[in-house]
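The values are calculated or read from the model by the stated rules, or taken from the named source; none is laboratory data. Note that the coordinates shown come from a computational prediction; the quantities given were computed from them, not determined experimentally. Note that we place each Cβ from the backbone using ideal geometry, even for glycine, and neighbour counts take in every protein chain shown. Note: areas computed on protein heavy atoms with side chains; ligands, DNA, RNA excluded. Shrake-Rupley method; radii C 1.70, N 1.55, O 1.52, S 1.80 Å.
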Amino acid sequence: MNRHNWVSFVPFYLLVVIVFLGIAHIGNMTVTTVNQQRPVQRQQRIVIDAGHGGIDGGATSCTGVLESHINLEIALRLEQVFHLMGYETVMIRSVDESVYTEGNTIASQKVSDLKERVRICNETKGAILVSIHQNTFPDRQYRGAQVFYGKNPDSKQLAQNVQEQMIVQLNTSGSRKAKQGSGIYLLEHITCPGILIECGFITNPVDEKLLRDDAYQKKLCAVIAATVSSYIGLDGTGST
């Protein structure tokens, strides 16, 4: 499928997601209930990684909120949207805690935490990783999403698609490009397709306010899920 046709499908997927979210809200149904009523058999399982957590709060926003808290809020919403679309998900963490399995110091526990995230990804059949993070920079003028990709050959195109739609749907003035996740332990060690999304700069007051807003988080998750799903179904790692 050529680029023009692929781009035309993303707004359609996004519209479907938003419509179903509206139906679930109006009918006072949870996303889980909707998914149970409309089961879909899919080959892929979406591994959702809320970055940091527990002993590792990550960066701190311009209003004092820990990155790990924002990551978790977005990851939990993203899980609901993927469930709505019929995907099985694997959450690396669903509460504010680390996932390390060993270590007597904070440093060793952080290393164990990263290794455990890699293990979960590599042992999940049909996995596609979506890791949620937030960016920071001393100069508060910088804003916008940045998507990084892993070494698996399918990761690059997926990252480029998500990066493009984050700009088109959320930040039309953005110009960032997807980049290889060189130096990012998780992306360098997973074998499955995977992307890490820096959803915005929490050191920028405009981005930070948006990233803490419920409505914006829902739209952000709809964009991510719709783009990943369209990629899987049309150009990705297997037809659904």
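Observations on the structure shown:
- Anisotropy class of segment 187-232 from Cα gyration tensor, a/c 1.5 cut: oblate
- Summarising the amide proton neighbourhood of GLN134: residues at separation of 5 or more, or on other chains, whose placed amide H is nearer than 5 Å comprise CYS199.
- Remark: accessible surface ordering of MET166, MET91 (largest first) is MET91, MET166, probe radius 1.4 Å.
- Direction-averaged projected area, Cα convex hull, segment 90-181: 8.0 nm², rounded to one decimal.
- Placing GLU67, GLU88, GLU102, GLU198 in order of accessible area, with the largest value first and a 1.4 Å probe, yields GLU102, GLU88, GLU198, GLU67.
- Qualifying chymotrypsin sites (Phe, Trp or Tyr not before Pro) for segment 67-131 [loop in DSSP, other Cβ within 10 Å: at most 13]: none
- Surface accessible to a 1.4 Å probe, HIS69 within the full protein complex, Å²: 80
- Prolate/oblate/rounded call for segment 132-240, Cα gyration tensor, a/c under 1.5 rounded: oblate
- Straight-distance crosslink candidates among lysines, where the alpha carbon sits under 29 Å from LYS156 and sequence neighbours closer than 8 are dropped: LYS110, LYS115, LYS125, LYS177, LYS179, LYS218, LYS219
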